[in-house]
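S.K.: Here's a structure for you.
The values are calculated or read from the model by the stated rules, or taken from the named source; none is laboratory data. These figures come from a predicted structure and were not determined experimentally. Here Cβ is always computed from backbone atoms with ideal geometry, including for glycine, and neighbour counts include all displayed protein chains. Just the protein is used for accessible areas: all its heavy atoms, side chains included, with ligands, DNA and RNA removed. Shrake-Rupley method; radii C 1.70, N 1.55, O 1.52, S 1.80 Å.
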There are 2 protein chains.
Amino acid sequence: MKNKEMVEKEYRFSDRSVSVYFDTSFGMLQDMVDKENTILITDENIFAKQTEKFSGWRTIVIQAGEQYKNQQAVDEVIEQLIEFNADRQTIIIGVGGGVVTDITGYAASVYMRGLKFGFVPTSILAMVDASIGGKNGVDVGVYKNLVGVINHPQFLLYDYSFLETLPEKEWINGFAEIIKHACIKDEPMFQLLQEKSLDYFHSSRENIGKLIQQNVEIKYNVVVNDEYETGERKLLNFGHTIGHAIENTAKLPHGSAISIGMIAACIISEKINGFSKAHTEKVKQLLSEYHLPVAFNIDKEKTWNILLHDKKKSGTDMNFVVLDDIGKASIKKIPLPELRQIFDALK
Amino acid sequence: MKNKEMVEKEYRFSDRSVSVYFDTSFGMLQDMVDKENTILITDENIFAKQTEKFSGWRTIVIQAGEQYKNQQAVDEVIEQLIEFNADRQTIIIGVGGGVVTDITGYAASVYMRGLKFGFVPTSILAMVDASIGGKNGVDVGVYKNLVGVINHPQFLLYDYSFLETLPEKEWINGFAEIIKHACIKDEPMFQLLQEKSLDYFHSSRENIGKLIQQNVEIKYNVVVNDEYETGERKLLNFGHTIGHAIENTAKLPHGSAISIGMIAACIISEKINGFSKAHTEKVKQLLSEYHLPVAFNIDKEKTWNILLHDKKKSGTDMNFVVLDDIGKASIKKIPLPELRQIFDALK
């Protein structure tokens, strides 16, 4: 099961271990699972671009795009699992970006009250973020990830050859979460990102592979220590409170939405947490260098109303992630009227 | 929080304790939860009969009947939770029979990846079975409970006054699960049921209260010892493999379906487990005395095809619950062709 470059890591949670195979190939799946008892789920774009990879595998193909990350897509997956006679011995593997891994993890978690599942993330965003941590679920209208479960896959398999056909805009999208990790946890990585560029990482499988593995380790270390998000894990929501509120209304890619959300969170950090204006500028600069949007040009009334349904709202307060410094974040409970005032002044 | 008769029991699971309050009153809810942060879910029948009980509580009213235990009902509950601005501080309480408690437990488990919830079971079936054990979910077409999660409520509250307005056919329905418990676990209770009658239990709150509490304890003891159904808990599926397969196609009440399923399982127990024909007759007799159907008059082809999607199917075998004796059951792995042969001969 080994190949030359492959690196295997194992992360332990309360009820299971997740095996992560870096720098390996999709073909390895054949040695990992019984093909007869396995069903793959992917989206129409990946299936069209990499059809040969799916040859001989029973495959459910879903529609591509965040607008299809909804209950109807899950219902359709379940209908197809029934048609394939999936039972409790069946393993489900999601091959795709965050929409595919979210829907796969959620459908596998509720079908027959839970089948085993694995992920082959194919986008940078899914590789460094979406497929990690056990959160699986769907949007309900404009509300992001409103419905879902926490349940970990058995394994993740990283095949960087999928990145060769990943559109440029998806590369940019993924770097938003990488910059987020740098902002909240890793000042040296922030510096590395400042020194290098998207081209540098795009030009070599080794460069991007190393960065991805580093980000997976950052996220797993946080998640393993706080599986049910009672403390440190909440920091991963940096940029996501306002980011999620604008993503579905403004129909922005996830990376663009949280880029704007991170800048808003930096400004809020200035107001209530003594974060320096110069640092906000550095974050803005870095996002901009990785071609992410930085202008706060949104419908405030609409956004505020969605914000009020955020999972991090607790009664009349919002648990908000602020930066203390670059590479260090914390949670502040902000009363909604105060948050509203700062929010209204954002520009 | 105590009243004179109330008995409180606590059952511990891996991630939580369930508090069970027997012989208490619905009004106690006010002392148990913060009314402002609580949303009740009930069905149209219970709401119509007991409207005054819901006064002052935010209440979601769903359609009554097994045919509405589906994803659409869950979607509608979620829409209403959004309208009520439910957040992670909100507690959801299902007040009703098995359909209400299943939908409540499932919706509460996936909304924002899980809110706290409690149950007030109002039918015998929900009191002795459906509300206990953490299995919550919905049907998909003819497939019973195909989608769901295992997740326990914080508490169960038993108010026997709900039984006063429970229709006679629902009393009968509930006794199927009580007889099941007797068959697999409790020979003395089997004898008690033989000696007494539906009228005996119906006529006095003390008689039915005692029987309900006994059945809750049987079920919780099994479930606490085998939370994830790796062993003993499977025995609770006695009568349910064939029962579930006929329930939605023949549009039978759950109790009627599993009554027929239990007799089929007794005959299968004769064929492969040396269970005596005389004992099958005793089970049949008892079901009959409690007004449950015992004739195996079903569409076999249709039933068999549904059976093949049972959650207890494992590859080419079915894990089937058989009786060793009255009060003692075990699991036998039956190859599908052999099961098919016995099934075809049932009459």
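S.K.: May I ask you to give the percent of accessible area on chain B that is carbon plus sulfur, with a probe radius of 1.4 Å? Write out the running numbers ahead of the final one.
M.R.: On the way: 6260 of 13320 Å².
The C+S portion of the solvent-accessible surface of chain B is 47 percent.
S.K.: Viscosity 0.890 mPa s, temperature 25 °C: what is the translational diffusion coefficient of the protein assembly as shown from Stokes-Einstein with a Kirkwood Rh over Cα pairs, rounded to a whole number of µm²/s?
M.R.: Working: Rh = 27.1 Å.
Estimated diffusion coefficient is 91 µm²/s.
S.K.: Considering every residue in B:315-323, what mean count of other chain Cβ atoms within 10 Å of its Cβ is obtained?
M.R.: On the way: counts 6, 0, 0, 0, 1, 0, 0, 0, 0.
Going residue by residue through B:315-323 and averaging, the value is 1.
S.K.: At 1.4 Å probe radius, can you tell me the per residue accessible area of the protein assembly as shown in Å²?
M.R.: Numbers: 26640 Å² over 694 residues.
That works out to 38 Å² per residue.
S.K.: Which residue fluctuates most in the GNM of chain A (Cα springs below 10 Å): A:LEU157, A:LEU292, A:LEU308?
M.R.: Result for chain A, Cα springs under 10 Å: A:LEU308 fluctuates most.
S.K.: Next question, about the same structure. Report, for B:GLU8, each distance to the same residue's label point in the other copies, shortest first and in nm; define the point 7 Å along Cα→Cβ.
M.R.: Spelled out, the distances from B:GLU8's label point are 5.1 nm.
S.K.: Another question, then. Measure off 7 Å from each Cα along the Cα-to-Cβ vector at A:GLU8 and B:ASP199, then give the distance between these two points in nanometres to one decimal.
M.R.: 7.0
S.K.: How many angstrom lie between the C-alpha centres of the range A:239-277 and the range A:167-193?
M.R.: 15
S.K.: Looking at this model, which pairs from A:LYS69/A:LYS234; B:LYS196/B:LYS333; A:LYS116/A:LYS284; B:LYS219/B:LYS332 are more than 32 angstrom apart at the alpha-carbon? Please list the in-between numbers first.
M.R.: Values: A:LYS69/A:LYS234 23 Å; B:LYS196/B:LYS333 36 Å; A:LYS116/A:LYS284 41 Å; B:LYS219/B:LYS332 21 Å.
Too far apart for the 32 Å limit: B:LYS196/B:LYS333; A:LYS116/A:LYS284.
S.K.: Give the nm distances, rounded to one decimal, from B:ALA278 to the matching residue in every other copy, measuring between label points 7 Å along Cα toward the beta carbon; shortest first.
M.R.: Going from nearest to farthest copy, the values are 9.5 nm.
S.K.: Can you list the DSSP H helices in chain A whose Cα atoms extend at least 15 Å along the helix axis and whose mean Kyte-Doolittle hydropathy is -0.5 or higher?
M.R.: Going by DSSP H runs, the hits are A:71-83, A:98-110, A:168-185, A:205-225, A:254-273.
S.K.: Picking from A:ILE263, A:THR122, A:LEU235, whose Cα lies most toward the positive end of the charge dipole for the protein assembly as shown (charges on Cβ: Lys, Arg +1; Asp, Glu -1)?
M.R.: With unit charges placed on the Cβ atoms, the residue in question is A:LEU235.
S.K.: Using a 1.4 Å probe and counting only protein heavy atoms, arrange A:LYS35, A:LYS313, A:LYS180 so the residue with the most accessible area comes first.
M.R.: Values: A:LYS35 55, A:LYS313 25, A:LYS180 5 Å².
Descending order: A:LYS35, A:LYS313, A:LYS180.
S.K.: In the full protein assembly as shown, how much of B:ASP310 is accessible to a 1.4 Å probe, in Å² to the nearest 10?
M.R.: Surface open to solvent at B:ASP310 totals about 20 Å².
S.K.: Further question on the same structure: Starting from the amide H of A:GLY96, placed 1.01 Å from N in the peptide plane, find each other amide H under 5 Å away whose residue is 5 or more places distant or on another chain.
M.R.: Under 5 Å from the amide H of A:GLY96: A:VAL120, A:THR122.
S.K.: To continue, here is another question. Select from A:VAL322, A:VAL142, A:VAL99 the residue whose mean-square fluctuation is largest in a Gaussian network model of chain A (Cα-Cα springs shorter than 10 Å).
M.R.: In this elastic network of chain A, the residue with the biggest mean-square fluctuation among A:VAL322, A:VAL142, A:VAL99 is A:VAL142.
S.K.: To continue, here is another question. Would you kindly derive the ³J(HN,Hα) couplings of the range A:34-44 from the backbone phi angles with the Karplus curve 6.51 cos²θ - 1.76 cosθ + 1.60 (θ = phi - 60°), listing them in order in whole Hz, with x for Gly and Pro?
M.R.: 7, 4, 5, 9, 10, 10, 8, 10, 9, 10, 4
S.K.: Given a cut-off of under 8 Å on Cα pairs at least six residues apart, what relative contact order in percent is computed for the range B:14-86? Don't skip to the end; give the middle numbers.
M.R.: Numbers: 37 pairs, mean separation 19.5, N = 73.
Reported as a whole number, the value is 27 percent.
S.K.: Along Cα-to-Cβ, 7 Å out, sits the label point; list in nm, shortest first, how far the one on B:SER55 is from those in the other copies.
M.R.: Distances to the matching label points in the other copies: 7.3 nm.
S.K.: Can you give the charge dipole size of the protein assembly as shown about its Cα centre, rounded to the nearest 20 debye, using +1 on the beta carbon of Lys and Arg and -1 on the beta carbon of Asp and Glu? All intermediate terms of the calculation are to be shown ahead of the outcome.
M.R.: Numbers: 78 positive and 94 negative charges, 98 e Å.
It comes to approximately 480 debye.
S.K.: Amide H of B:LEU40 versus every other amide H placed in the peptide plane: which residues, excluding those fewer than 5 positions away on the same chain, fall under 5 Å?
M.R.: Under 5 Å from the amide H of B:LEU40: B:ARG58, B:THR59, B:ILE60, B:ILE93.
S.K.: Cross-link partners among lysines for A:LYS49, C-alpha distance below 19 Å, same-chain residues fewer than 8 apart left out?
M.R.: The reachable lysines, counting only those whose Cα sits under 19 Å from A:LYS49, are A:LYS169.
S.K.: Shifting gears a bit: Peptides A:323-334, B:256-267: what's the order by average Cβ count within 10 Å, highest mean first? Write down the numbers at each step before the final one.
M.R.: Working: A:323-334: 17.6, B:256-267: 26.4.
Result, highest mean first: B:256-267, A:323-334.
S.K.: When the solvent-accessible surface of protein heavy atoms is calculated with a 1.4 angstrom probe, in what order do B:ARG12, A:ARG88 fall, highest first? Let's see the in-between values first.
M.R.: Details: B:ARG12 165, A:ARG88 85 Å².
The most accessible residue leads, giving B:ARG12, A:ARG88.
S.K.: What nm value, rounded to one decimal, do you get for the distance between B:SER25 and A:LYS332 when each label is placed 7 Å out toward the C-beta?
M.R.: 5.0
S.K.: Relative to the compact-globule scaling 2.2 N^0.38 Å, provide the ratio for the alpha-carbon radius of gyration of the range B:7-165. Intermediate values should be presented prior to the final figure.
M.R.: On the way: Rg = 14.2 Å, N = 159, 2.2 N^0.38 = 15.1 Å.
My calculation over the Cα atoms of the range B:7-165 gives 0.94.
S.K.: Which whole-number percentage describes the relative contact order of the range A:168-345, with Cα contacts under 8 Å and a sequence gap of 6 or more? Working shown, then result.
M.R.: Numbers: 227 pairs, mean separation 49.3, N = 178.
In percent, rounded to a whole number, it is 28.
S.K.: Still on this structure, please answer the following. Work out the charge dipole of the protein assembly as shown with +1 on the Cβ of Lys and Arg and -1 on the Cβ of Asp and Glu about the Cα centre, then indicate which of B:ILE306, B:PRO167, A:GLY148 is farthest towards its positive end.
M.R.: It is A:GLY148.
S.K.: Count, for each residue of A:86-94, the Cβ atoms from other chains sitting within 10 Å of its Cβ, then give me the mean as a whole number.
M.R.: Numbers: counts 1, 8, 6, 3, 1, 0, 0, 0, 0.
The shielding value for this peptide is 2.
S.K.: In whole percent, what relative contact order does chain B give with Cα contacts below 8 Å and a gap of six or more residues? Walk me through the numbers before you get to the answer.
M.R.: Details: 612 pairs, mean separation 49.7, N = 347.
14 percent.
S.K.: In debye, nearest 20: dipole of the range B:7-165 around its Cα centre with unit charges on the Cβ of K, R (+) and D, E (-)? Don't skip to the answer; put the middle values down first.
M.R.: Values: 13 positive and 21 negative charges, 80 e Å.
That gives a dipole near 380 debye.
S.K.: Can you list the HN-Hα couplings for the range B:47-63, worked out from phi with the Karplus curve (6.51, -1.76, 1.60; θ = phi - 60°), rounded to whole Hz and with x for Gly and Pro?
M.R.: 4, 5, 6, 10, 3, 4, 4, 8, 4, x, 9, 5, 10, 9, 10, 9, 6
S.K.: Per DSSP helix of 4 or more residues, -39500 (n - 2.57); summed, then divided by the residues of chain A. What does that give at 222 nm, rounded to the nearest 500?
M.R.: Values: 13 runs with 148 residues, N = 347.
Per the formula, -13000 deg cm²/dmol.
S.K.: Quick check: Cα centre of the range A:1-77 to Cα centre of the range B:90-148, how many Å?
M.R.: Comparing the Cα centres of the range A:1-77 and the range B:90-148, I get a distance of 31 Å.
S.K.: Taking every DSSP beta bridge with both residues inside the range A:1-96, roughly what % is antiparallel (nearest 5)?
M.R.: On the way: 6 of 16 bridges.
Percent antiparallel among DSSP bridges in the range A:1-96 is about 40.
S.K.: Give, as ranges by residue number, the residues of the range A:308-332 whose backbone N falls under 12 Å from the point 7 Å along Cα→Cβ of B:GLU36.
M.R.: A:315-317
S.K.: Next question. Please list the equivalent ellipsoid semi-axes of chain A, computed as the square roots of five times the alpha-carbon gyration tensor eigenvalues, in descending order and whole angstrom. All intermediate terms of the calculation are to be shown ahead of the outcome.
M.R.: Values: eigenvalues 219, 103, 64 Å².
In descending order the semi-axes read 33, 23, 18 Å.
S.K.: Can you give me the distance in nm between label points at B:ILE272 and B:SER55, each placed 7 Å from the Cα along the Cα-to-Cβ direction?
M.R.: 5.7
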